[in-house]
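Peer 1: Take a look at the following structure, please.
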Amino acid sequence: MAMFRTFLFSLLALGGALLALVLVTSVASWLPPLLGVHPGGEAQLAWDLAFSVLGGIAAVGFAAWHAPCGPRWHGFGIWLVLAAASLWAAWDMGNDFPRWFVLLLLLSLPLQLGAGLWLATRRLRTAT
């Protein structure tokens with residue numbers, strides 16, 4: 001029964017990580033019009049890239065923070081999904097996006113893993 005519980009909580013941690021990714025990246029779609037960022041320009045691309053990176057950090061951090069055991073493995077597992085999706089997108093995008101966007105997307109992958117794991121291992125200090 002304990003193994004089933006651990007498995008269930010692992011699935012919940014990974015599912016929550018994907019939900020965190022969706023929530024952070026969805027902010028990238030509704031916030032720019034409120035801030036006056038014009039759609040379709042390089043500022044919009046930079047905005048989308050920044051929120052893609054933040055979404056990856058949030059997903060890795062969520063999976064590692066809420067993992068019932070092996071938090072680094074949970075974070076690394078969700079990062080592998082993000083890395084595979086980014087590599088597929090870079091291959092599939094072709095010339096649809098500027099080279100700087102694709103290059104920065106791929107170069108941000110180690111940052112997403114490192115920052116997400118770092119955030120997950122931080123503990124709040126309590127005053128005594």
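The values are calculated or read from the model by the stated rules, or taken from the named source; none is laboratory data. Owing to the predicted nature of the structure, the values given are computational and were not obtained by experimental measurement. Positions of Cβ are backbone-derived with ideal geometry, glycine not excepted, and every protein chain shown enters the neighbour counts.
Peer 1: When only residues in the stretch 55-74 that are free of Cβ contacts under 8 Å to residues at least 60 places away in the same chain, crowded, with 20+ Cβ neighbours inside 10 Å and not hydrophobic (A, V, I, L, M, F, W, C) count, which is nearest to ALA43 (Cα to Cα)?
Peer 2: GLY55
Peer 1: Any residue at all in the stretch 26-38 that's touching a residue at least 40 places away in the same chain (Cβ under 8 Å) and surrounded by fewer than 14 Cβ atoms within 10 Å (Cβ to Cβ)? So that I can check it myself, show each step before the final result.
Peer 2: To start, the set of residues in the stretch 26-38 that are touching a residue at least 40 places away in the same chain (Cβ under 8 Å) comprises none.
Within the stretch 26-38, none of the residues are touching a residue at least 40 places away in the same chain (Cβ under 8 Å) and surrounded by fewer than 14 Cβ atoms within 10 Å (Cβ to Cβ).
Peer 1: Give the stretch 25-62 a look and list any residue that's of a type in the set (A, V, I, L, M) and over 22 Å from TRP100 (Cα atoms), or say none.
Peer 2: Pass one, the stretch 25-62, residues of a type in the set (A, V, I, L, M): 27-28, 31, 34-35, 37, 43, 45-46, 49-50, 53-54, 57-60.
Residues satisfying the conditions are VAL27, LEU31, LEU34, LEU35, ALA58, ALA59, VAL60.
Peer 1: Show me the helices (runs of 4 or more DSSP H) found entirely inside the stretch 44-128 where at least 1 residues are under 10 Å from the mean Cα position of the chain (by Cα).
Peer 2: Hits in the stretch 44-128: 71-93, 109-121.
Peer 1: Has the stretch 37-53 got any residue that is among the aromatic types (Phe, Trp, Tyr) and closer than 22 Å to GLY116 by Cα?
Peer 2: Yes; the residues of the stretch 37-53 include at least one that is among the aromatic types (Phe, Trp, Tyr) and closer than 22 Å to GLY116 by Cα.
Peer 1: Right, here's the next one. Any residue in the stretch 75-100 that is modelled with pLDDT under 95 sitting within a Cβ distance under 8 Å of a residue that is part of a helix (DSSP H, G or I) and surrounded by fewer than 12 Cβ atoms within 10 Å (Cβ to Cβ)? List the pairs, counting only those 6 or more apart or interchain.
Peer 2: Correct list of pairs: PRO98/GLU42.
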